[in-house]
Structure formats: structure tokens, C-alpha cells
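Working notes, structure below.
The values are calculated or read from the model by the stated rules, or taken from the named source; none is laboratory data. The shown structure was predicted, so the numbers you read here are calculated from the model rather than taken from an experiment. FYI the Cβ positions are ideal-geometry reconstructions off the backbone, even for glycines, and counts take in every protein chain you see. In case anyone asks, the SASA skips ligands and DNA or RNA and just uses the protein heavy atoms, side chains included. Shrake-Rupley method; radii C 1.70, N 1.55, O 1.52, S 1.80 Å.
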Amino acid sequence: MRFLFMDFLNSEWRDGIRDDSLEDRLDKPGWWENVMADWGMTVNRPITETDRKELKALRSRLRVWVEKLAEGKQLNEEDLHQINTYLRQVPVYRVLDSKNGGYGWKLLPDQSDWRWVASEIVASLAELLVRHDAGRIRICENRQCLWVFYDESRNRSRRWCDHRTCGNRMNVRKHRQRKRHSKGGQPENE
Ligand SMILES: [Zn+2]
């Protein structure tokens, strides 16, 4: 299951190996526009430096909320107040839409600007909290990765963004650490 706010948070990309690999993809021309297009969103004007700054401020706040939720904590009153401030930023109106022979609601913004994008990002988190399971929000346990994802495993036990990459790396690291310890670095008669 994908959520817009997760794609947005994962714009802070790390290679999963080095401590200093952080790459901010919001700074890459066109990167975020491509992600938005993928979500069927278009904005009525190019991103400015101010928009970018505001998006980054939102990303820092969002990370705090997501870290709390991933640790199984609840959002507090202040968090909800900030979330609702973003949600109120741009009024949306609803229209009746036909698709696949049926009907559905479509929410359209008053202004398709960057504030609308910010409110949609926050709305996707709110949507997860209301309709899905906050207890399934995860941050990859590899500290050199920190990818945000939704754990859809049956027993809610997924710890890594991908078991073939980060999962493997973490197992190799653990194995090496054990080996190092047993080679005499640490006394074993605890
Ligand atoms: Zn990972």
C-alpha cells in the first residue's frame, strides 16, 4: 500500500550503506513533479525557493509525527493542531465523478498551488490514521536507510524496507559483530 506522505518523506534518500549518503531529492529538478504526476497531481506554477523551504519544513514535522507513530505512540493535541492547520490551508470542494461504470467523489482544490500539495501530503497521513492501521507504519531499522513504509505482513513483523537489501545487510553486520566479539575483542566469560 502506498501513501503520498511516504513518497514525500522518502525524498530524503540514503543508500543503506554509508552514514553520509543522504541525498535530498526535493533538490533534484523535476523529481517531486514526477512523483506528483504519478499521484495524478499537477500544480499550476513551477516550484519556487519559498515553496521548497515550506515543503522541507513540512517534511521535518512529518518525520516527527511518523517517528512517534512508528514507535507506537499517539499524536498529541499540538500535533493534531498542526495537522489541521495544513488541512485547512486550501479549501477543497467535492464533485461527482464517474469511473468504471460507477460513481465516486472527487475532491478538487480551490487553488492547485504548492500549499494544496502540502495539505494533500498531510491529508494522506490523516487518511492512513482514519482508514488504515497506524500500527503498521515503519521506518527501516537500518540506520543508514530509514526508508518509511507500510507493513502489510500478516504478523506485522516487517523490519526492513527490503529483506534482500537492508535485511541482508543487517544480518551480515550482526554476523560480523558476533565474529569480532568472539575473536577476543571482548571477554566471553560474562
Ligand atoms: Zn532499508
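Accessible surface for the chain, divided over its residues, is 66 Å² per residue with a 1.4 Å probe.
Extension gain for residue 49 to residue 20 (0.36 nm times residue separation, less C-alpha to C-alpha distance): 8.0 nm. Only helical runs count toward this figure. For the chain, summing -39,500 (n - 2.57) over DSSP H runs of n ≥ 4 and dividing by all residues gives -13000 deg cm²/dmol at 222 nm.
Exposed loop positions in the chain were taken to be trypsin sites (Lys or Arg not before Pro) whose DSSP state is not H, G, I, E or B and which have at most 12 other beta-carbon atoms within 10 angstrom. Between these positions, the longest stretch is 74-142. Look at the dipole of the chain built from charges on Cβ: of 9, 119, 58, the Cα furthest out on the positive end belongs to 9. Accessible area of residue 60 (1.4 Å probe, protein heavy atoms only, ligands and nucleic acids ignored): about 70 Å². Expressed as a whole percentage, what fraction of the accessible surface of the stretch 1-141 belongs to carbon and sulfur atoms when a 1.4 Å probe is rolled over the protein heavy atoms? Answer for the stretch 1-141 is 49 percent, counting heavy atoms of protein chains only. Taking the Cα atoms only, what angle lies between the long axis of helix 168-180 and the longest principal axis of the chain, rounded to 10 degrees? On a 0 to 90 degree scale, this one is about 20. Count Lys and Arg as plus one, Asp and Glu as minus one, and take only other residues whose Cβ is under 12 Å from that of residue 24; the net charge is then +3. For the chain, the Cys residues with no second cysteine's beta carbon closer than 4.7 Å are 166.
Here's the list of aspartates and glutamates a cross-link from residue 179 could span, going by alpha-carbon distance under 19 Å and ignoring same-chain residues fewer than 8 apart: 188, 190. For the stretch 4-185, a crude dipole built from +1 on the beta carbon of Lys and Arg and -1 on the beta carbon of Asp and Glu, taken about the Cα centre, is about 1340 debye to the nearest 20.
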